[in-house]
Amino acid sequence: MKVLVINAGSSSLKYQLLDTDNQEVLAKGLCERIGIDGKFTYKAPGKETIDAADVAMPTHSEAIQAVLGALVDEKNGVISSMKEIEAVGHRVVHGGETFACSVKIDEKVMAALEECIPLAPLHNPANITGIKACEAVMGKDVPQVGVFDTAFHQTMPAKAYTYALPYEYYEQDKVRRYGFHGTSHKYVAQRAAAMLGKPLEELKLISCHLGNGSSITAIDGGKSVDTTMGFTPLAGVPMGTRSGDLDAGILEYLMNKHNMSMAEMMNVLNKKSGVLGVSGVSSDFRDLTAAAEQGNERAALALDMFCYSVKKYIGAYAAAMGGVDAVIFTAGVGENSAAERMSIASGLEFMGIHMDPEANNVRGKETVVSTPDSPVKVLLIPTNEELMIALDTAELA
Ligand code: ADP
């Protein structure tokens, strides 16, 4: 089935057209600066790449139209008519407690998505705009499916998702751990089971999605039982620019001392902290590695803090599940940085994790990076959220 996958942001829209029968990517690209001056890129194997500026895109509808126009274009297109697209899958950031799996979108679902806006005020409105734009351009007959970043984590038990706050904040205000990157954690867990040749239901996995944003998830029998991100994607390990977990008392202290508003404080925590804040060099792990190699101590400290934090969660989640069969590394840093994988996993030999330095010297392809006799396997698995979205969409459509 040919499925169009859409990831809509407030002024951008990423797309991929996939054939779920052979899992092939037929075309992909990005609409940027929607509502400003419209930038459009399009790539399809064997076709001319388009990289165009000043494409009229006042709203997401024109962006979708540009995507469809490129897909059916006589010269560079990959399908002969829009009718070949049998379904559209949308990445939706927050599904609250309403959505524990992907859903076919109808009026009721749209209303529930609107209700989730307060939980993700920056992301969900953009996702909703993307859905409405697709319906406006493609009509009501093409099924649309919502795939949520939070859904996979809805299996967490109450002891993992409840914050130790007055309980009415959970009951009335829905304050709880939701977790994110669920589509990625679910995908790599399925791949891990395939690589290990064992049913997912019998495996205890710890999945480390380490990118600009990072989260670690404990997956017991295919179900998320705990995860590091929380009510928002600010929690857990230090990230590119996000602080991760910290003592909430720091907020009051710094806000008073520097006369900062809550909005300014949140901006610091989301955009100026993490490995960028500590190093003062960059949020990009490649820059940090280069700086650390040249003797920059704060860059080295930032990398150390990151790896130490991930390592601690691996220990914590092994304890939470009463064991672990495999640790998975995925996303930009997890897939590409042999040094970070090594630094995170070394010292964990006591719990049966033995890295193979030679096997680990690899990037971006499914590989067992632990020794052949390591009781706990360590796996490098490139994530593929678009494929997961397309597969869920095909199933529901
Ligand atoms: P996002 O969370 O934005 O999807 P990605 O998963 O693409 O992010 O990860 C981006 C991160 O991956 C960046 O910090 C980048 O430095 C890091 N990365 C990419 N390639 C390498 C590499 N070869 N070595 C170390 N880090 C890398």
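Give me the percent of DSSP beta bridges within the chain that run antiparallel, rounded to the nearest 5. Spell out each step's value before the answer.
Values: 38 of 57 bridges.
Approximately 65 percent, going by the DSSP bridge assignments.
Highest first, please rank the peptides 6-15, 249-258 by the mean number of other Cβ atoms sitting within 10 Å of their residues. Each step should come with its number before you reach the end.
Details: 6-15: 21.0, 249-258: 11.3.
For the peptides 6-15, 249-258, the packing ranking is 6-15, 249-258.
Mind listing the phi-derived Karplus ³J(HN,Hα) values for region 387-394, rounded to whole Hz, using 6.51, -1.76 and 1.60 with θ = phi - 60°, and x for any glycine or proline?
5, 4, 4, 5, 5, 4, 5, 4
Out of the total accessible area of region 110-151 (probe 1.4 Å, heavy atoms of protein only), what percent is carbon and sulfur?
The computed percentage sits at 60.
Using a simple charge model, +1 on the beta-carbon of Lys and Arg, -1 on the beta-carbon of Asp and Glu, nothing else, what dipole does region 264-306 show about its Cα centre, in debye to the nearest 20?
Details: 4 positive and 6 negative charges, 27 e Å.
The calculation lands at about 140 debye.
So if each residue of separation counts as 0.36 nm, and I subtract the Cα-Cα distance between D141 and S261, what length gain in nm does that give?
Numbers: separation 120, 0.36 × 120 = 43.20 nm, distance 4.76 nm.
Difference between extended and current length: 38.4 nm.
Within 12 Å, Cβ to Cβ, of K223, how many net charges do the neighbouring residues add up to if Lys/Arg are +1 and Asp/Glu are -1? Walk me through the numbers before you get to the answer.
Values: positive: K186, K204; negative: E201, D220, D226.
Summing Lys/Arg as +1 and Asp/Glu as -1 gives -1.
Sequence gap at least 6, Cα distance under 8 Å: using those rules, report the relative contact order of region 1-99 to the nearest whole percent. Can you show the working numbers first?
Working: 185 pairs, mean separation 26.0, N = 99.
Relative contact order comes out at 26 percent.
Give me the dipole magnitude in Debye, nearest 20, for the chain about the Cα centre, with unit charges on the beta carbon: positive for Lys and Arg, negative for Asp and Glu. Walk me through the intermediate numbers first.
On the way: 35 positive and 49 negative charges, 71 e Å.
It works out to roughly 340 debye.
Using the heavy atoms of the protein chains alone and a 1.4 angstrom probe, what is the accessible area of the chain per residue in square angstrom?
Values: 18290 Å² over 397 residues.
Solvent-accessible surface per residue comes out at 46 Å².
So if we plug the beta-carbon distance of E48 and K108 into 1/(1 + (r/R0)^6) with R0 = 51 Å, what FRET efficiency do we get, rounded to 0.05? Mind showing how you got there, number by number?
Details: r = 43 Å, r/R0 = 0.83.
It comes to 0.75.
In whole Hz and in residue order, list the ³J(HN,Hα) couplings for region 167-177 that follow from phi through the Karplus curve 6.51 cos²θ - 1.76 cosθ + 1.60, θ = phi - 60°; x for Gly and Pro.
So the Karplus estimates, Gly and Pro as x, are 4, 5, 5, 6, 5, 8, 10, 6, 7, 7, 6 Hz.
The values are calculated or read from the model by the stated rules, or taken from the named source; none is laboratory data. Keep in mind the model is a prediction, meaning the values are calculated, not measured. Cβ atoms come from the backbone with ideal geometry, glycine included; neighbour counts cover every protein chain shown. Accessible surface areas use protein heavy atoms only, side chains included; no ligands, DNA or RNA. Shrake-Rupley method; radii C 1.70, N 1.55, O 1.52, S 1.80 Å.
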